[in-house]
Amino acid sequence: MSRDDKLLSSAIEAIGHTPLVELARLAHGMAGRLLVKLEYLNPGFSKKDRIARQIIEDAETDGTLAPGQTVVELTSGNTGTGLSIVCAVKGYPFVAVMSKGNSPERARMMRALGAEVVLVDQLPGSQPGQVSGGDLELVEQATRRIVQERGAFRADQFHHRGNFRAHYLHTGPEILQQAGMPIDAFCDFVGTGGTFAGCAAALKAANPATKCYLVEPEGAAVLAGQPVTNPSHRIQGGGYSMGELSLVKPEHVDGYIQVRDEEAIQVARRLAREEGIFAGFSSGANVAAGLQLLSGPFKGKTVVTLVNDSGLKYLSTDLWE
Ligand SMILES: Cc1ncc(COP(=O)(O)O)c(C=O)c1O
């Protein structure tokens, strides 16, 4: 299931089938294997291209999206970039609603891909680069208003089954086929939880013994039942302190892992320097969590996680010196 050599009819067909790579240098000296799926090699440089395609194609199939209807989505940038690509190719006007706290290169990229980008102010006292649950609530209100005003289809990544299905039908099965060995553990930093739930369901269907760990920022680990002490963490794309994620079911979750901002940043830098993998904060969090598993309960085993998006999306931040 490698990238096909055949001629594709559009960039949409180039979504998915990303490589799976063993982090043999980063995990040097540790017993076991840490495998990562290079999702930054998607056309929009993130895993969220997959859900953009699935949500739009599922909505076309079930008739909830009419030809030429405007598509609207609340996004931290990556889902919006995926939707910009899919909507550009398929001819749907697309409006991305995003917090001003997300890095500006995301908005510029979506505009370049033909999207209309609406930026929503953060709460007083919030920091750019640190989007809290409260900031996200303001983006949610603006999104609802725009959907109503335009009679639009809302992609609704926090609830649409297409988000889960993209990873259940594709990402998870790709991991199983590419790994060629039993997967002992999977971990993923959650925003909507669509990746976590879809992959967990696929991996567990193939091997019920696979354990799946939900990753959250330390100080904002509400799903693990911990109090929120650091709502303005640095790990963009998730950790929104939402008490419930509709796509994540209890049977998907075997445990919870917390990652500190500094740990995510250091591991993202090591990924670049030691593995040649140029990724963002949440990929650092995923690999940090994978290393925790490998050095703890999964010593000598095979652990899988995702490299979610490209480090190019964070050039304006202090992730890179
Ligand atoms: C960079 C990044 N990391 C992680 C996530 C979380 O993925 P999911 O929404 O599937 O939980 C997102 C989601 O937007 C993201 O953009």
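The values are calculated or read from the model by the stated rules, or taken from the named source; none is laboratory data. Everything numeric in this text was worked out from a predicted model, so none of it was measured. So basically every Cβ, Gly included, is an ideal-geometry build from the backbone, and we count neighbours across all protein chains shown. All accessible areas refer to the heavy atoms of the entire protein, side chains included, with ligands and DNA or RNA removed. Shrake-Rupley method; radii C 1.70, N 1.55, O 1.52, S 1.80 Å.
Residue-by-condition table, conditions (1) touching a residue at least 24 places away in the same chain (Cβ under 8 Å); (2) within 16 Å of the ligand (Cβ to nearest atom); (3) among the charged types (D, E, K, R):
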| position | (1), (2), (3) |
| --- | --- |
| 249 | yes, yes, yes |
| 265 | yes, yes, no |
| 275 | yes, no, yes |
| 279 | yes, yes, no |
| 289 | yes, yes, no |
| 317 | yes, yes, no |
**Request:** Tell me, please, whether a residue that is outside any loop (DSSP other than H, G, I, E, B) and polar (S, T, N, Q) can be found in the range 307-317.
**Result:** yes
**Request:** Take residue 267 and decide whether it is open to solvent by 10 Å² or more (accessible area, probe 1.4 Å) and either modelled with pLDDT of 95 or more or in contact with a His (Cβ under 8 Å, 6 or more places away or on another chain) (or both).
**Result:** yes
**Request:** Determine if the range 291-305 includes at least one residue that is open to solvent by 30 Å² or more (accessible area, probe 1.4 Å), within 15 Å of the ligand (Cβ to nearest atom) and free of Cβ contacts under 8 Å to residues at least 40 places away in the same chain.
**Result:** no
**Item:** The lone exception for residue 239 - which of (1) within 16 Å of the ligand (Cβ to nearest atom); (2) more than 20 Å from residue 130 (Cα to Cα); (3) touching a strand residue (DSSP E or B) at 6+ places or on another chain (Cβ under 6 Å); (4) in a loop (DSSP other than H, G, I, E, B) it fails
**Value:** (2)
**Request:** Would you mind stating whether residue 105 is within 16 Å of the ligand (Cβ to nearest atom), under 20 Å from the mean Cα position of the chain (by Cα) and at pLDDT 95 or above?
**Result:** no
**Item:** Unmet criterion (only one of (1) more than 21 Å from residue 127 (Cα to Cα); (2) crowded, with 17+ Cβ neighbours inside 10 Å) for residue 238
**Value:** (1)
**Message:** Given the criteria polar (S, T, N, Q) and within 26 Å of residue 241 (Cβ to Cβ), does residue 148 qualify?
**Reply:** no
**Request:** Please enumerate the residues belonging to the range 137-162 that are under 17 Å from residue 97 (Cβ atoms) and within 17 Å of the chain's Cα centre (by Cα).
**Result:** 155, 156, 157, 158, 159, 160
**Message:** Condition first: closer than 16 Å to residue 174 by Cβ, more than 19 Å from the chain's Cα centre (by Cα) and surrounded by fewer than 24 Cβ atoms within 10 Å (Cβ to Cβ). Can you find one or more residues in the range 17-25 that meet it?
**Reply:** yes
